[in-house]
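What follows is one structure encoded as structure tokens, with my remarks underneath.
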Amino acid sequence: MPYAVTVDAGLRDLRAADHLLRTFAAELGLDEGGFGCTHLVRGERPRVVVSLAPESEAELDEVRAGLVAGGYEVTEGAPDAVGRAVLYRGAGLLSGTMTVEEVLSVSVIDRVTVLGAAGHPHPGTPLVTRRHVRPQWQGGELVLTAMPAVGGTLAPFEVPEPTPCCADH
């Protein structure tokens, strides 16, 4: 992504980061052609930061100005090359059950992989999106990791509302 900025709002979880990205998209009028990603930062202060990568340098200048005007500290570039995409072309179209081929044709996702399986899934395999499709950048490609689900279908590996660790204690 040649044009990107990062915002560290001190977030601790992915749901809050997803919400922040959607808020930025709405408030800044981001074009659907860009990307909004989350990035995990490890170390002394683990957190989730977000990056915004519009399609053009001119749009990046507008995004940067809007974020600064909103009181956010903006860092140039993306923090890493393995972001988890929340905002991307076609994300809003990934609803219900679609075939792998449909997912790839209506979005900018480059490929689908299945946990524990070699190769790629058959293009006609149904994928139950749960309206929560979060591909990740891997080697310059946007890759959706899926897992086998009921009835020979697939589902994105990341679930919309994960159960917190130790929730039953």
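The values are calculated or read from the model by the stated rules, or taken from the named source; none is laboratory data. Keep in mind the model is a prediction, meaning the values are calculated, not measured. Neighbour counts are summed over all protein chains in view; Cβ atoms, including those assigned to glycine, are modelled from backbone coordinates with ideal geometry.
For the range 11-32, check the following and say yes or no: at least one residue is charged (D, E, K, R) and either crowded, with 19+ Cβ neighbours inside 10 Å or in the same structural domain as V143 (by TED's automatic domain parsing) (or both).
Yes.
Among all residue pairs at least 6 apart or on different chains, which show Cβ distances below 6 Å where the first residue, located in the range 58-70, is surrounded by fewer than 19 Cβ atoms within 10 Å (Cβ to Cβ) and the second is part of a helix (DSSP H, G or I)?
Going by the 6 Å Cβ cut-off, the qualifying pairs are G66/L28.
Applying the selection to the range 54-90, what residues are at positive phi and touching a helix residue (DSSP H, G or I) at 6+ places or on another chain (Cβ under 7 Å)?
Scanning the range 54-90 gives a single hit, G90.
Quick grid of which residues meet (1) modelled with pLDDT of 95 or more; (2) in contact with a His (Cβ under 6 Å, 6 or more places away or on another chain); (3) aromatic (F, W, Y):
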site: T6; (1), (2), (3): yes, no, no
site: A9; (1), (2), (3): yes, no, no
site: A16; (1), (2), (3): yes, no, no
site: L21; (1), (2), (3): yes, no, no
site: A26; (1), (2), (3): no, no, no
site: L30; (1), (2), (3): no, no, no
site: L40; (1), (2), (3): yes, no, no
site: V49; (1), (2), (3): yes, yes, no
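Can you say whether V48 is free of Cβ contacts under 8 Å to residues at least 40 places away in the same chain, in contact with a Leu (Cβ under 8 Å, 6 or more places away or on another chain) and not in a loop (DSSP other than H, G, I, E, B), as far as the supplied structure shows?
Judged against the criteria, V48 is a match.
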